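Have a look at the structure below before the remarks.
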Amino acid sequence: MHLMADLKKELHEQVKRRRTFAIISHPDAGKTTLTEKLLLYGGAINLAGSVKARKAKKYAVSDWMEIEKQRGISVTSSVMQFEYKGYCINILDTPGHQDFSEDTYRTLVAADSAVMLIDGAKGVEAQTIKLFHVCKMRGIPIFTFINKLDRAIKNPFDLMQEIEDVLGIRSYPMNWPIGTDGDFKGVYNRKLKQIELFTGGNHGQTIVESKAGSVDDPVFRELLGEPYYSRLVEDIELLNIAGDDFNLKEVLEGNLTPIFFGSAMTNFGVEPFLEEFLEMAPPPGERVFTDTVIEPEMEEFYGFIFKIQANMNPNHRDRVAFLRICSGKFTKGMEVYLSNGNKKIRLSQPQQIMAQEREIVEEAWPGDIIGLYDPGIFKIGDTLSTAKPSALFTGMPMFPAEHFARISPKDTMKRKQFLKGIMQLSEEGTIQVFRQVDIGGEEFIVGAVGMLQFDVLEHRLLHEYNVELKVVMLPHKFARWLVTTDKDPRDLNLTSSTLIAQDKNEQYVLIFENQWSIDWAKEKNKGIELSDVSG
Ligand code: GDP
């Protein structure tokens, strides 16, 4: 009894202090730079170095095969954990550039909140929009950091409008920039009613001193001079009158995003952001599994696999399955049931993946991510639990593929290996596999979020299954799952280029060339409902 009480207490403490989040941004907005600065505050200097080292390994797709050979597919996302003022922080890395793939999306399913990083001069960009929508779908809180304030940025009111128009979320600036035309002076902190001056130049790790007061404090006039002082007073007045009120509940429900202006590179506003963020962002919350809501403080252990990384170590050709812990305490060597299986498996080589280094994990808590050695038994969305029968994780949809190809084996004698390889890679989540209705044999349609996934597919089929692929790219761009229809999909009125297929769960999917064909399908078929994600 005593031990149980201790465990409950420790669970409570550990859950409360955990923050697990992902940074969503468009390439070059400054994610690497911001991550490094955050790690520095956690005292993880070595790690900060390794983030940069990883970043330095930018490569063209043509170089990628060599890298895959040397290091495995380690270009996919990993996690960084560090401590700061009593908090235990897990940052999930979301790969961008040509590494952008379904893994990038799936990582967001493991996060409890997101930091949306925006280049102040560029505003809301394409990749940010895609990632934002996944966060929105999940209803997680989103915190915005507008970066590169040391340079000229767009008008901050315009940026707020853009966020609302493009992303459909209201915003609340926590601070307000002074001098946005390349003449940055600092920010006015609306909560503390103080000005945080930008001294610039030192690219420092130092926090800039603040002078307390209210916005129309004459001290500020002296400090800022004109036209900055009057402009600031006007802006703040406008925000107070016309802007949204701050409301934490709205933030937590994902309807309002707090905005922080700063500059990651010059380290301006990063620590104040971190502190506010940690206070507002939620600790690991409940997760809905089949029939059950899993509360993090439950003693029963639950977690789900959100990503599988193949052969990180070329000598062993092993795979690592990434597990997000949802409830209970994880200890090394513990035995759990795998999804609906009857046999317990022992988790004997848990690892924490920090940048390129691996460390053995002795124990871990809800919100944490651990890497499990995978001899080929796990698949994306699997539940690991001490409970039997286990409730299953249901929150792992298939994400909208944007590239499609028809694939078949070059050598028809290799049919068996081909099928095995395709099924395995589909289970792993490397690609989405569809079978076109009325077309049998060894031809499949594969969909991917990023083009790199096709290279991975070809390479892995050749090297792991000894199958040379014939790949014919299709002009199609959109997959839409058929949610409701009382008709056989073959009887639908569709444009001639629209393909009717089934996913691996035999759900019907329509694959379209363009938006026009989607609109056609909706218009000509009353009551049809299409979704861009499965499940
Ligand atoms: P990522 O692609 O999002 O990881 O972006 P990086 O962190 O690599 O940054 C992209 C570029 O923007 C680099 O040249 C950075 O030095 C630069 N950068 C990042 N933060 C700032 C900033 O606050 N101000 C300025 N002027 N440049 C920045």
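Every number in this text was worked out from the coordinates using simple rules, so none of it is lab data. All values derive from a computational prediction rather than experimental measurement. For neighbour counting, all protein chains shown are included, and Cβ atoms are generated from backbone atoms with ideal geometry for every residue, glycine included.
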By how many nm would the segment from Glu299 to Glu83 grow when fully extended, if each residue of separation counts as 0.36 nm and the alpha-carbon distance is taken off?
75.4 nm
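Once you list every other residue whose beta carbon is under 14 Å from the beta carbon of Ile163, what net charge do they have if Lys and Arg are +1 and Asp and Glu are -1?
Summing Lys/Arg as +1 and Asp/Glu as -1 gives -3.
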On a 0 to 90° scale, report how tilted helix 45-56 is relative to the longest principal axis of the chain, with both axes built from alpha carbons and the result rounded to the nearest 10.
60
At 7 Å along Cα-to-Cβ for each site, give me the label-to-label distance between Tyr373 and Arg231 in nm.
6.0
Let me know the charge dipole size of the chain about its Cα centre in debye, to the nearest 20, where only the beta-carbon of Lys, Arg (+1) and Asp, Glu (-1) is charged.
1480
Which of the peptides 230-238, 262-270 is most tightly packed, and how do the rest follow, going by the mean number of other Cβ atoms within 10 Å of each residue?
262-270, 230-238
Helical contribution to [θ] at 222 nm, DSSP H n ≥ 4, -39,500 (n - 2.57), averaged over the chain, rounded to 500:
-8500 deg cm²/dmol
In nm, what is the difference between 0.36 nm times the number of residues separating Glu125 and Asp438 and their Cα-Cα distance?
108.7 nm
Rough spin-label spacing in nm, given labels placed 7 Å along Cα→Cβ, for Arg221 and Asp411
8.6
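Just to be sure I understand: if I project the alpha-carbon convex hull of the chain onto a plane and average over all orientations, what area do I get in nm²? Please list the in-between numbers first.
Details: hull surface 109.7 nm².
Taking the Cα atoms of the chain, their convex hull projects to 27.4 nm² on average.
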Would you kindly state how much longer the chain becomes between Lys191 and Glu402 on full extension, computed as 0.36 nm times their sequence separation minus their alpha carbon distance, in nm to one decimal?
71.7 nm
Calculate the spin-label point distance for Asn240 paired with Glu279, positioning each point 7 Å from the Cα along the beta-carbon direction, and give it in nanometres.
2.0
Between the helical axis of 126-138 and the dominant principal axis of the chain, each derived from Cα atoms, what acute angle in degrees is found, rounded to the nearest 10?
80
Lys/Arg Cβ at +1, Asp/Glu Cβ at -1, dipole of the chain taken about the Cα centre: which of Gln14, Ile407, Gly168 is farthest positive-ward?
Ile407
In degrees from 0 to 90, rounded to the nearest 10, what is the angle of the helix 31-41 Cα long axis to the longest principal axis of the chain?
60
Amide H to amide H under 5 Å from Asp368: which residues, 5+ apart in sequence or cross-chain, H placed 1.01 Å off N in plane?
Ile325
Loop only by DSSP, 12 or fewer other Cβ within 10 Å of the Cβ. Give me the trypsin sites (Lys or Arg not before Pro) in segment 79-149 that pass, ordered by residue number.
Lys85
About the Cα centre of segment 397-524, what is the dipole size in debye to 20, counting +1 per Lys and Arg Cβ and -1 per Asp and Glu Cβ, all else neutral?
180
